[in-house]
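What follows is calculated from the coordinates using simple rules that are stated; it is not laboratory data. A quick note: this is a predicted structure, and the numbers were derived from the prediction, not measured. Cβ: placed from backbone, ideal geometry, glycine included. Neighbour counts: every protein chain shown.
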Amino acid sequence: MFDIGFSELMVIGIVALIVIGPERLPKVARTLGHLLGRAQRYVNDVKSDISREVQLDELRKLQSQVSESARELESSVRNEYETARSAIEAPAKEAAAELQSTAASLSETLPVAETIGKPAA
């Protein structure tokens, strides 16, 4: 982030020693250390919050993709079911109609066949 070398830190330390004085320098250094620690914790908290938001956004996208594919699968299964049902239902109705017509024609011809086999009275 900052490109500060060792020599530059030495210059800052010497200037701080001259300006602040040797009595107050340790207290200022401790306070500065605490403030830098708080700033680092704040930055880390912000980074983790951003990371959580990104993960939450990714999870929401994944959830929408999963629900969309579930809807597509349901639609596909429903279409296949309807196709299979119509493919089976039409021939079944035709077969039932043919059986009824055959039964009706047999019932009409059956009494005639019974009378043929009986002797005349």
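The table below gives the values:
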| read-out | value |
| --- | --- |
| Rg/Rh ratio calculated on Cα atoms of segment 59-114 (Kirkwood radius) | 1.58 |
| Partner aspartates and glutamates for Lys47 [C-alpha distance under 19 Å; skip if fewer than 8 residues away on the same chain] | Asp57, Glu58 |
| Answer label, with Rg/Rh (Cα atoms, Kirkwood Rh) calculated from the coordinates and candidates (1) 1.03; (2) 1.87; (3) 1.08 | (2) |
| Rounded tilt (10° steps) of 6-20 against the dominant C-alpha axis of the chain | 60 degrees |
| Which of Ala84, Ile20, Gln40, positive extreme of dipole for the chain (C-beta unit charges) | Ile20 |
| Extension reserve of the Ala104-Ser69 stretch, reckoned as 0.36 nm per residue once the Cα distance is removed | 7.4 nm |
| Nitroxide proxy distance, nm - points 7 Å out along Cα→Cβ at Val77 and Ala92 | 2.0 nm |
